[in-house]
Amino acid sequence: MRDCEREDLLCTCVDWGKDDLAARIHHIICNFEFTGFELEYTTLERPEDRCLCRIGRCRACGKRLCYGDDLPAQGTSDELLSEVFRRAFQMWNAGDKNLPDGAECFTDLFVSLFHEADRERVNKWLAHHGADTGEGT
């Protein structure tokens, strides 16, 4: 599990820097309420420093909870889009399938992860790969 770079906004129910990993994971499992995803990246072409985070709110204190993983360096932007789609769908599908405000289906959520300047390209990628854009998946 990657350390969150926004520690000042995190839930304060546990000490994220000092409590053991088991205690942190237990708290997330018991108190995580999904609100969306965040994708950290610079450009679609740059293969490093990419992270996909599942964002939520702590049911106990109401502050931010998140967990994520670094994405592997992908050779092409198509490979990156495939990996982000696969991971985000798996995390979303494994949970309660809530959609954040403004998203009517999973593909809306997926497109919203990317910088505004990249969204046209992401939509073209979805259309080219036959991703369902309106049925909630």
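Quick look at the values:
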item: For the chain, accessible area per residue (1.4 Å probe, heavy atoms of protein chains only), Å²; result: 57
item: Protection proxy ranking of 14-21, 63-70 - average other beta-carbon atoms within 10 Å, highest first; result: 63-70, 14-21
item: Gain on full stretching of the segment that runs from Thr43 to Cys61 - 0.36 nm per residue minus C-alpha separation; result: 3.0 nm
item: With every protein chain in place, the chain: carbon and sulfur % of accessible area (1.4 Å); result: 46
item: Among [x] 15.6, 46; [y] 13.2, 38; [z] 19.3, 69, the entry derived from the coordinates for Rg and Dmax of the Cα atoms in Å; result: [x]
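The values are calculated or read from the model by the stated rules, or taken from the named source; none is laboratory data. If you're wondering where the values come from, they're calculated on a predicted model, not measured in any experiment. A quick note on method: Cβ atoms are made from the backbone with ideal geometry, for glycine too, and the neighbour counts reach across all protein chains shown. Accessible surface areas use protein heavy atoms only, side chains included; no ligands, DNA or RNA. Shrake-Rupley method; radii C 1.70, N 1.55, O 1.52, S 1.80 Å.
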